[in-house]
Structures are given as C-alpha cells and as structure tokens.
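Take a look at the structure set out below.
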Amino acid sequence: MLMSRWYLTAPDWFAELPDASRLGDDGQTVISQFARVLHDEPPVGPAETAAVMRVALLAVEQLGEAMTHAAECHDLTELARLLCGLNLVQAHLTQTIQRISLSTAGINGEILAGHLKDAHLILRSVAVS
C-alpha cells in the first residue's frame, strides 16, 4: 500500500479517469479482469511477482512507444493525467525500493517523484487555465 509522502500529488489519479479516453469493450474487459485478479489474489511468491513485473514492463514499454510516436495526440489535460500517474508509479517504486533496504536509491526515487509532482502541478494549472 502506498504511504502518503511529500513527493505525492494530492489528486486521486483514478478519480480523474471518468473524463479519460477509453479503450474498446475488449480492452476495458481485459483491464477489469486483470485488476480483479490483482485485488482478489495479491502476489505473494516469486512466480506472482515475476508475472506482475512482466505486465508492468509491458505497460511501461507501451507507454514509451505511445508518447514517442503519438505525443501530439495528447492534450494538456491528458499530459497532466500522465504526469500524475507517473508520479504515483514512481512513488510506488520508491517505497518498494525503500522496503528492500536500498536507501540511496530510495532517496533518489523521492527526488524524481518530487520533480514529477512539480511538473504535474504546473501542467495541471496550465490545463485548467
């Protein structure tokens, strides 16, 4: 579970999703099924951890491709939502790294999450104006 820290943005990323673009029915079904599996049976062993890491890497690779090849399709609101999500991802990674006692990496993760927070708040204020 993510603990509240100075480097987190205030908004709830999931609360911002009702206005977000949606995948088709098949894509939404896959996301819902995956979310249900993760929430019903949290990963507890090496096989589950490896499976979740694989999905996370696939998702990050897809995000990188989308932002490289289709960045112009995203408006300021979507970019603000993206930065908020990246801040949350970085916060989760930072806290995971800190739980496995990699202190220096955890501190650097906090700094990166803090920069993402600042960028999100600036972009959000521009998108709202």
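The values are calculated or read from the model by the stated rules, or taken from the named source; none is laboratory data. The model shown is predicted, which means the values in this text are computed figures rather than measured ones. Positions of Cβ are generated from backbone atoms using ideal geometry, with glycine treated the same way; all protein chains shown enter the neighbour counts.
Numerical summary
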read-out: Subset of the range 98-129 [closer than 21 Å to ARG81 by Cβ and among the hydrophobic types (A, V, I, L, M, F, W, C)]; value: LEU112, ALA113, LEU116, ALA119, LEU121, ILE122, LEU123, VAL126, ALA127, VAL128
read-out: Residue under evaluation ALA20, criteria (1) over 13 Å from the mean Cα position of the chain (by Cα); (2) closer than 20 Å to LEU121 by Cβ; (3) at pLDDT 80 or above, criterion not met; value: (3)
read-out: Matching entry among VAL37, VAL30 (being out of contact with any Gly (no Cβ under 7 Å at 6 or more places or on another chain), without any contact (Cβ under 8 Å) to a residue 24 or more places away in the chain and under 17 Å from MET1 (Cα atoms)); value: VAL37
read-out: Pair list, Cβ < 8 Å and 6+ apart or interchain, from the range 70-88 residues that are among the β-branched types (Val, Ile, Thr) to residues that are loosely packed, with under 15 Cβ neighbours inside 10 Å and part of a helix (DSSP H, G or I); value: THR77/ASP19; THR77/ALA127
read-out: Candidates GLU78, GLU48, GLU110, filtered to the one that is closer than 20 Å to ALA15 by Cα and part of a helix (DSSP H, G or I); value: GLU78
read-out: The range 37-49 - residue that is within 23 Å of ASN87 (Cα to Cα) and surrounded by 10 or more Cβ atoms within 10 Å (Cβ to Cβ) and, of those, modelled with the highest pLDDT; value: THR49
read-out: Check on GLU61, acidic (Asp, Glu), at pLDDT 85 or above, more than 22 Å from LEU123 (Cβ to Cβ) and assigned to a helix (DSSP H, G or I); value: yes
read-out: Criterion (closer than 17 Å to ARG5 by Cβ, exposed (fewer than 15 other Cβ atoms within 10 Å of the Cβ) and aliphatic (A, V, I, L, M)) met by exactly one of ILE97, ILE107, ILE122; value: ILE107
